[in-house]
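Take a look at the structure below.
Each value in this text was obtained by applying a stated rule to the coordinates, not by laboratory testing. Quantities reported herein were computed from a predicted structural model and do not represent experimental measurements. For neighbour counting, all protein chains shown are included, and Cβ atoms are generated from backbone atoms with ideal geometry for every residue, glycine included.
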Amino acid sequence: MSKVKEISLIGILAAVNIASRIALQSLPNIKPVTSIIMISVMIFGLSFGIKLTFVTTIVSNIFLGMGTWTFFQILAWIVVCLLTQILIDFYKTLHKEPPIMVMAIFSFLMGYVFGFVVSLEQFMIGGIGLFVSYYSAGLFFDTLHACGNFFFYLVCAPLLMKIFIKEKEKRLN
Amino acid sequence: MEKNIKKYTLLFVIICFIGIGIIGIYNSNSSLRKNSSQQETEVQMQEEKDNSIQQEKTSEQNEDEEKQSHETNEVSNENQSEKKSTPSSSSKTSTTQQENTKKETQTSSISNQSETNHQTSSTEKPSNTSENNQAQQTPQDDKIQEYQVSLKIQGIDSIIGNGSVEIEAGKSVYDVLKVYTDSQKIEVKKSGSGTTVYIRGIAGLNEFDHGPRSGWMYKVNGVSPNVGAGSYKVQNGDQIVWYYVYSE
């Protein structure tokens, strides 16, 4: 993959993520960002997904509010990227394409993983008591995030997969 | 290449989690230690506060009474230390201390020598039998304590109000002002409520009427506290002054 093409792709996808985060900020946690990052990891690999995560989080938090949570959001999305990569590798060893429904359910679970990792910030500050209360208070919003992921994955995956695979093949030729 | 990235990412995530875990466990341990030490210091602070209140009260009385009540203090202190050595809990001793202070304030408001004499005798006696002491003091526990507070409201040239207010213990400076202005039918403009209440105007004299830096402030015993009027708790005998500051 040539550097320029990679950077331009990261720029475009990060712009989509940032725009969606800012446009949908009135809806609690229902964002396509996690789904788009997962799809990009599936097609372009782990390093691409992590780069996309960094750009998305830092630039969108310039608008939404920068803080210590920025680091934890990056960490949470890196964990999501890693788990996606592990699942993809598992399917590669089986010589199968991951079915879309399995990936949608996986993205649903990633909503809770994201919430858990972001809540670890409170564990660092106030110990296990604060973490439990913070995480249980945010469980409803994690559920919204998970549901959002599920539907956005079902909407985005067929469209973006086609475009990404075409892009990848063009580059290989 | 891609395999290596996966390995490094896994390593990075694991190191992050371990770091978060170590910091979190360290913090939770230190906060637990802090909590337990705070409770101890709170009990100590309460005791010190009670003692200082007692001493303040004695300084207000005249010298004869001062000697007597100093003796009472010593006696009551000895009394407390004796009780501490007995297996009774620390909370019990603190309540008896509070009862002691209540008794002190009541006697000072009456300011009768025979009353203080009576008190010395009453506290000296139970140093022998602590049960007797508690039996005597329990009926006072139910009474609501009343504080006597003097209040003065200074406008620009004139004094808007000057008087004294009786109020329950644990009320704030704002409550005192409210009780007084309600009784005198003086209009008060305020914003906020509870501990964050802010006085905007008294008797038609509002903030910003005399320049952008004008408004109402208060002093307690000649000192401006650094907290709002809704969160400063008054003590017995406090002198509260509300004054209007302005610069033109």
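A few comments on the model shown:
- Among A:Gly127, A:Met161, A:Gly111 - extreme Cα towards positive end, dipole of the range A:107-173, charges at beta-carbon: A:Met161
- Among the listed pairs B:Lys152/B:Lys189; A:Lys31/A:Lys166; A:Lys3/A:Lys31; B:Lys190/B:Lys233, those beyond 22 Å (Cα-Cα): A:Lys31/A:Lys166; A:Lys3/A:Lys31
- Distance in nm between pseudo-label sites at A:Ser136 and A:Ala23 (7 Å out along the Cβ direction from Cα): 3.8 nm
- Axial C-alpha extent at least 18 Å, average Kyte-Doolittle at least 0.5 - helices from chain A (DSSP): A:3-23, A:46-64, A:69-93, A:100-137, A:139-172
- Ranked by how many other beta carbons lie within 10 Å on average, peptides B:232-238, B:161-167 from highest: B:232-238, B:161-167
- Stokes-Einstein D for the range A:19-173, Kirkwood Rh over Cα pairs, 37 °C, 0.692 mPa s (µm²/s): 203 µm²/s
- Net charge of Cβ neighbours under 15 Å - reference A:Met110; Lys, Arg +1; Asp, Glu -1: 0
- Across peptide B:17-24, the mean count of Cβ atoms from other chains lying within 10 Å of each residue's own Cβ comes to 4.
- Listed pairs A:Lys170/B:Lys7; A:Lys51/A:Lys168; B:Lys178/B:Lys219 exceeding 20 Å between Cα atoms: A:Lys170/B:Lys7
- Sorted by Cβ neighbour density within 10 Å, fewest at the top, the residues A:His95, B:His210: A:His95, B:His210
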